[in-house]
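Colleague: Dumping the structure here so I can ask a few things about it.
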Amino acid sequence: MGRSDKPPSTRGEPTPPEPISEAALIARIGRALARAGLPVALDDDCAHLTDATALVTTDTLVESVHFDRALDSLEAIGAQAAVVNLSDLAASGGAAGWLVWSLCLPPSWTPPMVEALADGFATVAARHGARVVGGNLSRITGPAVIAVTAGGPLVGDRPLTRRGALPGDALYVTGPLGDAALGYVQADAETRAARHRWRPHLAEAAALVRWGHVHAAMDVSDGLLLDTARLCAVSGVGADINSTAVPVSALYRARLGDDRRLAISGGEDYVLLFAAPADLTPPTPAHRVGRCTAAPGLRVDGQPHAPRGHDHFAAGMSA
């Protein structure tokens, strides 16, 4: 068949559905739970077990989606699997308790590879006082999958949630942003080392809980803009981010100067984002990066801005 410049006919073909976002997909899951008469609380980083004053969370890392063995060592990948979950506990005002992990591994993985992965996972767990209490192993024909469930006690009487930010609240983060994303876009030994300095901000979370003035909180895993938009959507407020106030490392500044675009949208930072009264000083080092507004929507430096960040389904699943 010869080449033709005429576009193919679409007569009689259905219009492709619009892509669905991760938040919209979670909302659909919530509606299914509600139809079955089950309690629905899918907005926060952890589930709060009210009869046990404990928190539980789960997260999954998939090869070629969340990690790339060409960029990250197996020890670093194992460490990230632990950090992701412990960071969710921190975001909800919890302490490290226990971890359970399940590994679905393709035949190409060897025992030394699994041991290296476990070394990274165990090192982070031990550093933060979490016990690894069990797990599961399975073969898989596709890419490797690391699924982790974590639990821990509340530091205070009730969890931190994404619900409760008020107009006029200041927005803070507990550490620099952008190094993880920089390790992807400018991958070399120096940026990868900086990328692997992930840690869950458990001590900062404990200090904020004891302070008692945090109105809403979450961790920054999918980018400051997207996660701020998520927190504000649950709280029923908007936000205005001051890009020049967003903290970055010396390495980030050396590579990208004053350009904060990667820092505000990159993700995998695992610092805490929280809203608190603007006239109070947080008890732990924190950087004020913006404010909550009565008007809905996200702004950056006063201008409307799309909540860019890492959304698993925005471009990959249709509604």
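No lab work stands behind these numbers, since they all come straight from the coordinates. Since we're looking at a predicted model, the values are computed, not measured. All Cβ positions, glycine included, derive from the backbone under ideal geometry; neighbour counts span all protein chains shown.
This table checks each residue for (1) of a type outside the set (Gly, Ala, Ser); (2) surrounded by fewer than 16 Cβ atoms within 10 Å (Cβ to Cβ).
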| position | (1), (2) |
| --- | --- |
| Arg127 | yes, yes |
| Ala130 | no, no |
| Leu137 | yes, yes |
| Val148 | yes, no |
| Pro159 | yes, no |
| Asp169 | yes, no |
| Gly175 | no, no |
| Val185 | yes, yes |
| Trp198 | yes, no |
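Colleague: Something else about it: Go through (1) over 23 Å from Gln80 (Cβ atoms); (2) touching a residue at least 60 places away in the same chain (Cβ under 8 Å); (3) surrounded by fewer than 23 Cβ atoms within 10 Å (Cβ to Cβ) and name the single condition Asp258 misses.
Modeller: So the condition that Asp258 fails would be (2).
Colleague: Inspect all residues belonging to region 196-213 and state whether any of them is closer than 19 Å to Val248 by Cα and either over 16 Å from the mean Cα position of the chain (by Cα) or in a strand (DSSP E or B) (or both).
Modeller: yes
Colleague: Might you let me know whether region 78-89 holds any residue that is touching a residue at least 12 places away in the same chain (Cβ under 8 Å), farther than 30 Å from Ala189 by Cβ and in contact with a helix residue (DSSP H, G or I) (Cβ under 9 Å, 6 or more places away or on another chain)?
Modeller: Yes, the conditions are met somewhere in region 78-89.
Colleague: Scan region 159-174 residue by residue and report those that are part of a loop (DSSP other than H, G, I, E, B), in contact with a helix residue (DSSP H, G or I) (Cβ under 8 Å, 6 or more places away or on another chain) and not β-branched (Val, Ile, Thr).
Modeller: Leu160, Arg162, Arg163, Gly164, Ala165, Leu166, listed by residue number.
Colleague: When you scan region 115-142, how many residues do you find that are part of a loop (DSSP other than H, G, I, E, B) and more than 22 Å from the chain's Cα centre (by Cα)?
Modeller: 3
Colleague: Does any residue of region 143-158 turn out to be part of a helix (DSSP H, G or I) and charged (D, E, K, R)?
Modeller: Looking for residues that are part of a helix (DSSP H, G or I) and charged (D, E, K, R), one finds none in region 143-158, hence no.
Colleague: Of the residues that make up region 177-191, is at least one part of a loop (DSSP other than H, G, I, E, B), touching a helix residue (DSSP H, G or I) at 6+ places or on another chain (Cβ under 8 Å), over 29 Å from Ser64 (Cβ atoms) and touching a residue at least 24 places away in the same chain (Cβ under 8 Å)?
Modeller: no
Colleague: Regarding region 90-107, can at least one residue be identified that is surrounded by fewer than 14 Cβ atoms within 10 Å (Cβ to Cβ) and in a loop (DSSP other than H, G, I, E, B)?
Modeller: yes
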